[in-house]
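**Q** Dropping a structure here in structure tokens format, bear with me for questions.
No value in this document is a laboratory result; all are computed from the given coordinates. Given the structure is predicted, the values throughout are model-derived calculations rather than measurements. Note that each Cβ is placed from the backbone with ideal geometry, even for glycine, and that neighbours are counted across all protein chains shown.
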């Protein structure tokens, strides 16, 4: 059985790297004795796959992972959020859980865009609005990107699906395919004098047959998770 979990990453834990978050989840699964399916071979690993990596320092209320459970063992998916949240560090809360089709594509391939809230500094509210208007009217926005040690200039304008400035806060939707556009790249393209001082992913989106949906929506075929009491949280 393949189970999808939606979780948040808020507060100080936002400075934890994607790799360390993966280790936190492995420890949490062991603590609650969740019967996981494992890979074959000399060094078996739990069959866990994460969605798009979150930039270190960013918060999120829409992170996802898929985990495969061992066959022939009954697991009540409805109670997984309440079981797992206390086994995770403060700031990581499991918001929902649901069974997904085994044949479904991975989160990495399914997600086509992400919504973000970005707080910027270095310009007034009026200046930020002007910068956003100029960027949306531009045919291209070229930034330098580094990948595998090589720096290249790329036009990121096609990856900016929407941006709205409210004061010095940007509400934006950025493409995740064919290459994810980071909020920091958007801010750099708006102006080199701007700096992002707060960043939160608020949604991830799957576009299919003209319809848009979240990988796991809260309150729809999912279980909302109660927050764990602070004294019961893992260290």
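**Q** How much of the pair distance distribution for the chain lies past 21 Å, counting alpha-carbon pairs only, in percent?
**A** On the way: 16575 of 27495 pairs.
Within the chain, distances greater than 21 Å cover 60 percent of Cα pairs.
**Q** Moving to a separate point now. Do you know the relative contact order of region 54-177, to the nearest whole percent, from alpha carbon pairs under 8 angstrom that are 6+ apart?
**A** On the way: 126 pairs, mean separation 29.7, N = 124.
Value for region 54-177: 24 percent.
**Q** A further question on this structure: For the chain, modelled as a Gaussian network with Cα springs under 10 Å, which listed residue fluctuates most, 30, 14, 201?
**A** Of 30, 14, 201, the most mobile in the Gaussian network model is 30.
**Q** Calculate, for residue 193 and residue 23, the FRET efficiency according to 1/(1 + (r/R0)^6) with r their C-beta to C-beta distance and R0 45 Å; round to the nearest 0.05.
**A** The pair residue 193/residue 23 has a calculated efficiency of 0.75.
**Q** Name the residue, out of 152, 140, 115, whose mean-square fluctuation peaks in a Gaussian network model built on the chain with Cα pairs under 10 Å.
**A** Comparing 152, 140, 115 in the GNM, the peak value goes to 152.
**Q** Now for a separate question. Got the relative contact order for region 109-213 handy, in percent, Cα pairs under 8 Å and 6 or more residues apart? Before the final figure, lay out each step's value.
**A** Working: 199 pairs, mean separation 45.7, N = 105.
So the answer I get is 44 percent.
**Q** Continuing with this model, one more query. Return a whole-number percent for the relative contact order of the chain, with Cα pairs under 8 Å and 6 or more residues apart as the contact set. Intermediate values should be presented prior to the final figure.
**A** On the way: 468 pairs, mean separation 63.2, N = 235.
Contact order relative to length: 27 percent.
**Q** Next question. For every helix of n ≥ 4 consecutive DSSP H residues, a contribution of -39,500 (n - 2.57) applies; sum these over the chain, divide by its total residues, and give [θ] at 222 nm rounded to the nearest 500 deg cm²/dmol.
**A** Values: 5 runs with 44 residues, N = 235.
Mean residue ellipticity at 222 nm (helix-derived): -5000 deg cm²/dmol.
**Q** Could you bin all the Cα-Cα distances of region 109-213 into 10 Å bins starting at 0 and give me the percent of pairs in each, rounded to whole numbers?
**A** 15, 47, 32, 7, 0
**Q** Something else now. Quick check on the exposure proxy: order 64, 38 from fewest to most C-beta atoms within 10 angstrom. Write down the numbers at each step before the final one.
**A** Details: 64 22, 38 12.
With the sparsest Cβ surroundings first, the list reads 38, 64.
**Q** Considering the chain as a Gaussian network with a 10 Å cut-off on Cα pairs, which listed residue, 167, 41, 122, attains the greatest mean-square fluctuation?
**A** 41
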